[in-house]
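Contents: one structure, followed by commentary.
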Amino acid sequence: MKYIVPVQQQISLPIEGDDRFFPVGRVFCVGRNYAAHSREMGDDPDRDPPFFFKKDATCVIPVGFSEESSIVYPLATSQFEYEVELVVALAKGGSKLSIEDAEESILGYAVGLDMTRRDLQAQAKKKGRPWEVGKSFDESAPISPIVLKSEELSEKVRKAEIGLKVNSVVKQMSSVDHLTWSIEEVICKLSEVYELRPGDLIMTGTPENVGPVIEGDEMLAWVEGLGDISIRVTG
């Protein structure tokens with residue numbers, strides 16, 4: 001008997017103002033990297049070493065700036081929640097990177113959502129199991145085009161407003177300089193446990209006030225200096 005082996009399509013993100021695309025390799029996420037979010041999730045907000053988890057690259061949904069897109073309310077959950085995040089795209093890799101190496105590794109930045117099946121995540125955490133079922137599922141990572149790094153943009157992003165609205169009501173609002181671990185520090189810490197590669201994406205953490213969405217809700221997420229993305233939840 002012959003078996004058909006499916007070929008997985010390469011997920012790529014457009015690069016803003018460029019005709020090139022960014023082929024997505026791995027998607028790393030940083031857990032609880034804003035102190036206020038740590039508190040609302042029942043954790044100690046002290047500056048403990050960051051912890052990481054991954055989403056599959058197939059979770060990524062490219063979403064254009066100022067264009068409405070949609071994601072389907074996922075299976076097996078009644079608590080589908082948003083988390084707006086600054087996303088960093090890497091052009092260089094390596095392990096045990098210095099702060100200078102980490103800064104040089106950045107290709108650019110994007111706006112992303114770490115959509116979460118919170119009830120499934122909570123069940124897994126309660127039983128000491130991996131979070132994957134709550135975090136890594138179809139369409140759980142809508143991400144904007146990559147905005148290429150410049151010295152001016154990097155300075156702006158480090159202090160940028162980050163926020164999210166649901167149906168025009170502000171739900172999340174903070175500043176990137178409230179990160180417990182800075183962008184470059186996150187890259188350094190991640191490179192201590194993984195050899196990073198060009199094509200890796202890092203979702204750097206979400207501010208406080210995460211919450212649920214239902215079918216028909218429209219989310220607007222932004223990072224100052226990059227742009228905004230709009231995503232509607234469909235059935």
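The values are calculated or read from the model by the stated rules, or taken from the named source; none is laboratory data. Quick caveat: nothing in here was measured; it's all calculated off a predicted structure. Neighbour counts run over all protein chains shown; Cβ positions are idealised from the backbone, glycine included. Just the protein is used for accessible areas: all its heavy atoms, side chains included, with ligands, DNA and RNA removed. Shrake-Rupley method; radii C 1.70, N 1.55, O 1.52, S 1.80 Å.
Only one residue in 149, 156, 135 is closer than 24 Å to residue 102 by Cα, basic (Lys, Arg) and touching a residue at least 60 places away in the same chain (Cβ under 8 Å), so which one is that?
Only one candidate qualifies: 156.
Among residues of segment 105-140 being more than 20 Å from residue 219 (Cα to Cα) and polar (S, T, N, Q), the one that is surrounded by the fewest Cβ atoms within 10 Å (Cβ to Cβ) is 123.
Scanning segment 66-79 for residues that are under 24 Å from residue 34 (Cβ atoms) and more than 16 Å from the chain's Cα centre (by Cα) turns up 77, 79.
Within segment 160-196, can you find the residues that are of a type in the set (D, E, K, R) and within 24 Å of residue 92 (Cβ to Cβ)?
184, 185, 189, 192, 195
Candidates 187, 214, 202: the one that is in contact (Cβ under 8 Å) with a residue 40 or more places away in the chain and in a strand (DSSP E or B) is 202. Among the residues examined, residue 87 does not qualify as within 22 Å of residue 17 (Cβ to Cβ), open to solvent by less than 20 Å² (accessible area, probe 1.4 Å) and either of a type in the set (Ser, Thr, Tyr) or in contact with a Phe, Trp or Tyr (Cβ under 6 Å, 6 or more places away or on another chain) (or both). Please work out if residue 153 is open to solvent by 10 Å² or more (accessible area, probe 1.4 Å), closer than 15 Å to residue 112 by Cα, aliphatic (A, V, I, L, M) and out of contact with any His (no Cβ under 9 Å at 6 or more places or on another chain). Judged against the criteria, residue 153 is not a match. Being closer than 20 Å to residue 186 by Cα and among the basic types (Lys, Arg) is a property that does not hold for residue 125. The number of residues in segment 159-178 being out of contact with any Lys or Arg (no Cβ under 7 Å at 6 or more places or on another chain), open to solvent by 70 Å² or more (accessible area, probe 1.4 Å) and touching a residue at least 40 places away in the same chain (Cβ under 8 Å) comes to 4.
In this entry, residue 222 is excluded by the filter for residues that are open to solvent by less than 30 Å² (accessible area, probe 1.4 Å) and aromatic (Phe, Trp, Tyr).
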